[in-house]
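What follows is one structure encoded as structure tokens, with my remarks underneath.
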Amino acid sequence: MAETTAATKTVKFIISRQDTPESKPYTEEFEIPYRPNMNVISGLMEIQRNPLKADGTKTSPVCWDSNCLEEVCGACSMVINGKPRQACSALVDKLEQPIRLEPMRTFPVVRDLVINRERMFGALKKVKAWIPIDGTYDLGPGPRMAETKRQWAYELSKCMTCGVCLESCPNVNDRNSFIGPAAISQVRLFNAHPTGEMNKEERLEALMTDGGIEGCGNSQNCVRSCPKGIPLTTSIAAMNKDTTKHLFKKWLGM
Amino acid sequence: MKGNSYFARKLHSLLGIIPLGGFIVVHGLANYQAFERGPEGFAKGVGLINGLPLLPLLEVVMIYLPLLFHGIYGLYVAYQSNSNTGRFKYGRNWAFTAQRITGVITFVFVFWHVYQTRLQVYMGKITHEELGSTMHHIASSPVFFALYVIGVLAAVFHFSNGLWAFLISWGITIGPKAQRVSSYICMGVFVIVSALFILSLVAFRGDEFNEVASAAIALLGNIG
């Protein structure tokens, strides 16, 4: 008997579903055969192949977003057992069952687990998270970056705009225009770059507008949730220092 | 909110410490005289404050206006936040929610407390020499005493935790180590300032404050 139960070991999923951006969410339960080393994505693929609910009735396949499958693109971010994280690196063996999947509702839900993270890209545009070197002639080589600085700046460059920090932040909601921790940390990254530094005031001034750095309420959930271990609260505090300095310099006309 | 919320939020953060935080500490020390030196010590402290030049102007500019801005803008800040302590059970996230709850409690408490004490002086119902006996009557009622303890703890937590956040918002404590050390210091501030207020509330329950009150009433009776 023991062998039979082992052979039919299953994985239970409770998935929050939503048919259109405006329609009401509902949950469906699934029970799929267990395979060794499964992750949440391979579970979703199994449901896609055979879209049967736990009670045996047919349903539409569950929609989700994924791309790299190695936790560097951020596309498959969703709320798994209450915590926002990437589905590709969420291993079934390490999760409590039933596994509960929900979309990150801080963002507009497109369908089922698919969300629209456009506001994050809008925030990157707002703070000018790039280095403007495009032009009609060769600008020549830029200044060198110290190796010690490059090492910590590299940690900030690991941000994949996945949205987990925004999902965990109590100040990112529809009553608040806060752009979220990710874009603030990107200002620190581009302001640390020797060429990017030449436009640092533009980025600081973008942080000193509505929904900018003032939106941070220091709950520090972001730094505890970031899958890439980016020191987001250190970035925010460093940008608080730089924006404060910039504020006084501007007032004093320096 | 019209205008740039960066300046409004920055001003809100600054006013919470200077002058309001400073005022809480001075107020706590003045009240503590009631515990350390009894009714005479407290009366001396009150007398010292009332002897300041341009007192009404100082009160309006240094206390009432900052208090109104910090309080009303603070309610808006609280309205703008969610609480997700159910999903993210981290100490700092609890402090984030507590900061908003204690802010609202403090807002109500401060209005009520100013009405019971300072406004009574302004309305001519009591003199500032009688504040000790006013406080004796408030602290002697178990319900008022409990409400005052809640109000005081909320206000002092809001100040101490706000001091920790102020140090981050102004870019003074940046790394996790600096923020951890400042959180210990702010916890110390919370314990010490709370003790000042609670010990003085306990002292106000003493009969000696009542005797001063009856003496004052008797004196008023003689004059009347």
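Worth a mention:
- Number of partner chain Cβ atoms within 10 Å, mean per residue of B:78-86: 5
- Test item: A:232-241 mean partner chain Cβ contacts at 10 Å: 5
- Which of A:VAL11, A:ILE41, A:GLY74, positive extreme of dipole for region A:4-77 (C-beta unit charges): A:VAL11
- Cβ-derived FRET efficiency at R0 35 Å, B:TRP94 paired with B:GLU40, nearest 0.05: 0.25
- Mean partner shielding of peptide A:207-216, defined as the number of other chain Cβ atoms within 10 Å of each residue Cβ, is 5.
- Dipole in debye (nearest 20) - chain B, about Cα centre, beta carbon charges: Lys, Arg +1; Asp, Glu -1: 1300
- In a simple Cβ point-charge model (Lys, Arg +1; Asp, Glu -1; nothing else charged), chain A has a dipole of about 520 debye relative to its Cα centre.
- Fewest-first ranking of B:TYR76, A:TYR137, B:TYR148, B:TYR115, using other Cβ atoms within 10 Å as the exposure measure: A:TYR137, B:TYR115, B:TYR76, B:TYR148
- Between region B:137-208 and region B:4-59, the Cα center-to-center distance that results, in Å: 14
- Normalising the Debye intensity of chain A to I(0), with uniform scatterers on Cα atoms only, and taking log10 at q = 0.17 Å⁻¹ returns -1.23.
- Cβ-based net charge around A:LYS12, under 10 Å, with every Lys or Arg adding one and every Asp or Glu removing one: -1
- Distance between the modelled labels on A:LYS58 and B:ASP207, one decimal in nanometres: 8.9 nm (7 Å Cα→Cβ projection).
- Each Lys or Arg adds one and each Asp or Glu subtracts one; over the other residues with Cβ under 13 Å from the Cβ of B:SER169, this totals +1.
- Between region A:144-160 and region A:1-80, the alpha-carbon center distance in angstrom: 37
- Assigned charges on the beta-carbon of Lys, Arg, Asp, Glu; region A:118-251 dipole about Cα centre (debye): 300
- Packing rank of B:177-185, A:227-235, where each peptide gets the mean count of other beta carbons within 10 Å, highest leading: A:227-235, B:177-185
- The convex hull around the C-alpha trace of the protein assembly as shown, projected and averaged over every direction, spans 33.3 square nanometres.
- Kirkwood hydrodynamic radius of region B:5-223, Cα pairs, Å: 18.7
- Sorted by Cβ neighbour density within 10 Å, fewest at the top, the residues B:ARG118, A:ARG144, B:ARG100: A:ARG144, B:ARG118, B:ARG100
- DSSP beta bridges fully contained in the protein assembly as shown are about 85 percent antiparallel.
- Against the rule of thumb 2.2 N^0.38 Å, how large the Cα Rg of region A:63-182 comes out: 1.31
- Which of A:THR243, A:THR106, B:THR97, A:THR27 has the fewest Cβ neighbours within 10 Å, and the rest in rising order: A:THR27, B:THR97, A:THR106, A:THR243
- Signed unit charges on C-beta, dipole axis of the protein assembly as shown, positive-most listed residue B:GLY86, B:GLY51, A:MET239: A:MET239
- From its DSSP helices (H runs of at least four residues, each -39,500 (n - 2.57)), chain A gives a residue-normalised ellipticity at 222 nm of -9500 deg cm²/dmol.
- Whole-Å semi-axes of region B:69-164's equivalent ellipsoid (Cα gyration tensor): 32, 15, 10
- Local electrostatic count at B:LEU199 - Lys and Arg +1, Asp and Glu -1, tallied over other residues with Cβ under 14 Å: +1
Where a number appears in this text, it was derived from the coordinates with a stated rule and is not lab data. A quick note: this is a predicted structure, and the numbers were derived from the prediction, not measured. In this analysis, Cβ positions are derived from the backbone assuming ideal geometry, glycine residues included, and neighbour counts consider all displayed protein chains.
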